[in-house]
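Please read the structure below before turning to the comments.
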Amino acid sequence: HWCEGVARSVRSGATLMAATADTPPPPTFVRELGHVVTSLARGRTVDAAGFESHSDLALVCGVLGACSEHGGAAAEPLDRVASVLRGRAAEAAERHTQSAQARWSARVMTVLPIAMLGLLLVSSASVRQVVATPVGGITIGVGALLNLVGWQWLRRLVDGTSR
(Lines give C-alpha, C1' and ligand atoms only; values in the text may rest on other atoms or scores of the structure.)
Protein backbone atom coordinates (compact mmCIF):
# COMPACT_ATOMS: atom_id res chain seq x y z
CA HIS A 1 0.00 0.00 0.00
CA TRP A 2 2.90 2.32 0.73
CA CYS A 3 4.34 1.93 -2.78
CA GLU A 4 0.92 2.61 -4.28
CA GLY A 5 0.53 5.71 -2.10
CA VAL A 6 3.94 7.03 -3.15
CA ALA A 7 3.12 6.31 -6.80
CA ARG A 8 -0.21 8.17 -6.50
CA SER A 9 1.53 11.13 -4.93
CA VAL A 10 4.23 11.20 -7.63
CA ARG A 11 1.57 10.89 -10.33
CA SER A 12 -0.24 13.89 -8.86
CA GLY A 13 2.88 16.04 -9.21
CA ALA A 14 4.88 15.58 -6.01
CA THR A 15 8.57 14.89 -6.13
CA LEU A 16 9.82 11.48 -5.08
CA MET A 17 11.29 12.96 -1.88
CA ALA A 18 8.02 14.69 -0.98
CA ALA A 19 5.94 11.66 -1.88
CA THR A 20 7.99 9.31 0.32
CA ALA A 21 7.95 11.81 3.19
CA ASP A 22 4.19 12.45 2.97
CA THR A 23 3.07 8.84 2.62
CA PRO A 24 2.88 7.14 6.02
CA PRO A 25 4.83 3.87 6.05
CA PRO A 26 3.23 0.61 7.18
CA PRO A 27 3.52 0.11 10.95
CA THR A 28 5.80 -2.93 10.59
CA PHE A 29 8.42 -1.02 8.58
CA VAL A 30 8.34 2.47 10.08
CA ARG A 31 12.01 2.42 11.13
CA GLU A 32 13.34 0.90 7.91
CA LEU A 33 11.34 3.11 5.56
CA GLY A 34 12.06 6.11 7.76
CA HIS A 35 15.76 5.52 7.04
CA VAL A 36 15.00 5.43 3.31
CA VAL A 37 12.94 8.63 3.45
CA THR A 38 15.70 10.38 5.40
CA SER A 39 18.28 9.30 2.82
CA LEU A 40 16.14 10.66 -0.01
CA ALA A 41 15.50 13.93 1.83
CA ARG A 42 19.23 14.45 2.35
CA GLY A 43 19.94 13.87 -1.32
CA ARG A 44 21.72 10.57 -0.76
CA THR A 45 21.08 7.51 -2.85
CA VAL A 46 19.00 4.78 -1.31
CA ASP A 47 21.08 1.71 -0.61
CA ALA A 48 19.22 -1.60 -0.69
CA ALA A 49 22.23 -3.39 0.78
CA GLY A 50 21.02 -2.91 4.33
CA PHE A 51 17.84 -4.89 3.69
CA GLU A 52 19.11 -8.26 2.41
CA SER A 53 17.31 -10.01 5.25
CA HIS A 54 13.95 -8.75 3.97
CA SER A 55 13.64 -9.17 0.22
CA ASP A 56 10.52 -6.99 -0.06
CA LEU A 57 12.28 -4.00 1.49
CA ALA A 58 15.37 -4.64 -0.61
CA LEU A 59 13.20 -4.59 -3.74
CA VAL A 60 11.47 -1.35 -2.74
CA CYS A 61 14.79 0.27 -1.82
CA GLY A 62 16.38 -0.84 -5.07
CA VAL A 63 13.60 0.72 -7.12
CA LEU A 64 13.54 3.90 -5.03
CA GLY A 65 17.31 4.13 -5.34
CA ALA A 66 17.18 3.74 -9.12
CA CYS A 67 14.35 6.28 -9.41
CA SER A 68 16.13 8.84 -7.22
CA GLU A 69 19.46 8.35 -8.95
CA HIS A 70 18.25 8.38 -12.54
CA GLY A 71 15.18 10.59 -12.24
CA GLY A 72 12.28 10.33 -14.62
CA ALA A 73 8.80 9.03 -13.96
CA ALA A 74 8.83 7.03 -10.73
CA ALA A 75 5.12 6.14 -10.62
CA GLU A 76 5.26 3.20 -13.03
CA PRO A 77 8.22 1.43 -11.35
CA LEU A 78 6.56 1.92 -7.96
CA ASP A 79 3.29 0.50 -9.30
CA ARG A 80 5.20 -2.50 -10.62
CA VAL A 81 6.92 -3.02 -7.27
CA ALA A 82 3.52 -2.89 -5.58
CA SER A 83 2.25 -5.48 -8.05
CA VAL A 84 5.23 -7.76 -7.37
CA LEU A 85 4.73 -7.40 -3.61
CA ARG A 86 1.01 -8.20 -3.92
CA GLY A 87 1.92 -11.28 -5.98
CA ARG A 88 4.44 -12.41 -3.36
CA ALA A 89 1.88 -11.97 -0.59
CA ALA A 90 -0.74 -13.93 -2.56
CA GLU A 91 1.72 -16.76 -3.22
CA ALA A 92 2.70 -16.90 0.46
CA ALA A 93 -0.98 -17.06 1.46
CA GLU A 94 -1.58 -19.81 -1.09
CA ARG A 95 1.36 -21.85 0.24
CA HIS A 96 0.06 -21.40 3.78
CA THR A 97 -3.40 -22.59 2.75
CA GLN A 98 -2.08 -25.57 0.83
CA SER A 99 0.08 -26.68 3.75
CA ALA A 100 -2.83 -26.66 6.23
CA GLN A 101 -3.50 -30.37 5.78
CA ALA A 102 0.15 -31.20 6.33
CA ARG A 103 0.24 -29.09 9.49
CA TRP A 104 -2.81 -30.89 10.89
CA SER A 105 -1.35 -34.27 9.93
CA ALA A 106 1.83 -33.41 11.80
CA ARG A 107 -0.18 -32.46 14.88
CA VAL A 108 -2.27 -35.62 14.77
CA MET A 109 0.73 -37.86 14.16
CA THR A 110 2.49 -36.25 17.13
CA VAL A 111 -0.39 -36.25 19.60
CA LEU A 112 -2.05 -39.58 18.71
CA PRO A 113 0.73 -41.89 20.02
CA ILE A 114 0.94 -39.90 23.27
CA ALA A 115 -2.84 -39.99 23.74
CA MET A 116 -2.96 -43.70 22.91
CA LEU A 117 -0.25 -44.49 25.46
CA GLY A 118 -2.13 -42.48 28.09
CA LEU A 119 -5.38 -44.31 27.31
CA LEU A 120 -3.67 -47.70 27.46
CA LEU A 121 -1.95 -46.83 30.74
CA VAL A 122 -5.30 -45.95 32.28
CA SER A 123 -7.23 -48.91 30.90
CA SER A 124 -4.80 -51.83 30.74
CA ALA A 125 -2.98 -53.43 33.66
CA SER A 126 -0.69 -55.39 31.32
CA VAL A 127 0.49 -52.16 29.64
CA ARG A 128 1.21 -50.62 33.05
CA GLN A 129 3.25 -53.71 33.98
CA VAL A 130 5.30 -53.55 30.76
CA VAL A 131 5.94 -49.81 31.09
CA ALA A 132 7.18 -50.33 34.66
CA THR A 133 10.00 -52.62 33.45
CA PRO A 134 13.36 -51.24 32.24
CA VAL A 135 12.72 -52.54 28.70
CA GLY A 136 9.29 -50.89 28.69
CA GLY A 137 10.75 -47.58 29.87
CA ILE A 138 13.46 -47.71 27.21
CA THR A 139 10.84 -48.52 24.56
CA ILE A 140 8.71 -45.57 25.66
CA GLY A 141 11.78 -43.30 25.67
CA VAL A 142 12.86 -44.39 22.16
CA GLY A 143 9.28 -43.95 20.92
CA ALA A 144 9.09 -40.47 22.44
CA LEU A 145 12.43 -39.53 20.87
CA LEU A 146 11.32 -40.79 17.45
CA ASN A 147 8.02 -38.94 17.85
CA LEU A 148 9.91 -35.71 18.63
CA VAL A 149 12.25 -36.16 15.65
CA GLY A 150 9.29 -36.89 13.36
CA TRP A 151 7.44 -33.82 14.62
CA GLN A 152 10.45 -31.58 13.98
CA TRP A 153 10.97 -33.09 10.53
CA LEU A 154 7.34 -32.60 9.52
CA ARG A 155 7.35 -29.06 10.89
CA ARG A 156 10.44 -28.22 8.87
CA LEU A 157 8.90 -29.71 5.72
CA VAL A 158 5.65 -27.79 6.18
CA ASP A 159 7.29 -24.49 7.12
CA GLY A 160 9.78 -24.76 4.28
CA THR A 161 12.75 -23.98 6.50
CA SER A 162 16.14 -25.50 5.95
CA ARG A 163 19.17 -26.08 8.11
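The values are calculated or read from the model by the stated rules, or taken from the named source; none is laboratory data. These numbers were taken from a predicted model, which means no experiment stands behind them. Cβ atoms come from the backbone with ideal geometry, glycine included; neighbour counts cover every protein chain shown. We work out accessible area using only protein heavy atoms, side chains counted, and drop any ligands, DNA or RNA first. Shrake-Rupley method; radii C 1.70, N 1.55, O 1.52, S 1.80 Å.
Values for this structure:
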{"quantity": "Within the range 84-110, considering residues that are β-branched (Val, Ile, Thr) and at pLDDT below 90, the one least open to solvent (accessible area, probe 1.4 Å)", "calculated": "110"}
{"quantity": "Subset of the range 61-83 (residues that are touching a helix residue (DSSP H, G or I) at 6+ places or on another chain (Cβ under 7 Å) and open to solvent by 70 Å² or more (accessible area, probe 1.4 Å))", "calculated": "none"}
{"quantity": "Check on residue 68, at pLDDT 80 or above and among the polar types (S, T, N, Q)", "calculated": "no"}
{"quantity": "Residue ranges of helices (runs of 4 or more DSSP H) in the range 77-163 with at least 2 members among the basic types (Lys, Arg)", "calculated": "100-123, 134-159"}
{"quantity": "Residue 4 being modelled with pLDDT of 85 or more and either within 28 Å of the chain's Cα centre (by Cα) or under 24 Å from residue 159 (Cβ atoms) (or both)", "calculated": "yes"}
{"quantity": "Selection status of residue 58, at pLDDT 70 or above and of a type outside the set (D, E, K, R)", "calculated": "yes"}
{"quantity": "Selection from the range 65-76 of residues that are in a helix (DSSP H, G or I) and not charged (D, E, K, R)", "calculated": "65, 66, 67, 68, 70, 75"}
